[in-house]
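K.L.:
One structure is given below, represented as structure tokens, and several questions about it will come after.
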Amino acid sequence: MSGSPGPVDPVDPVDVAIRDEVIRLGQFLKLANLIESGSEAKEVVASERVLVNGVLETRRGRQLVKGDVVELVGSGQAARVSDESAYDDLPW
């Protein structure tokens, strides 16, 4: 054993149900309670703190589909877009 830390574990996303086939990133951030207000979406996206499926996303209007995972960098929070049948088990 080398004693050096291993890779950081990815954040385990919670499922957040949407009614339609797609949702915009800014709307989903608010729906999933990753941010407190709609206006905050512009700030977190512009400050390059949002990952979609592990890739930095800078478009607040990005269309998300079921299965997409959104993570707020540094918050320890992530949410997966799911259908209405999914149980909303948001811990926050």
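Every number in this text was worked out from the coordinates using simple rules, so none of it is lab data. Values in this document were obtained by computation on a predicted structure and should not be read as measured data. In this analysis, Cβ positions are derived from the backbone assuming ideal geometry, glycine residues included, and neighbour counts consider all displayed protein chains.
K.L.:
Please list, in chain and number order, the residues 5+ apart from A17 or on another chain whose amide H is under 5 Å from its amide H, with Hs placed from the backbone.
P.N.:
The answer is S82.
K.L.:
So, counting K/R as plus one and D/E as minus one, what does the shell of residues with Cβ under 15 Å around L29 add up to?
P.N.:
Taking every Cβ under 15 Å from that of L29, the sum is +1.
K.L.:
Add +1 for every Lys or Arg and -1 for every Asp or Glu among the other residues with Cβ under 12 Å from the Cβ of V44, and state the total.
P.N.:
Local charge sum for V44: -2.
K.L.:
Can you tell me how segment 6-76 classifies by the Cα gyration tensor, rounded, prolate or oblate, using a/c under 1.5 as the rounded cut?
P.N.:
oblate
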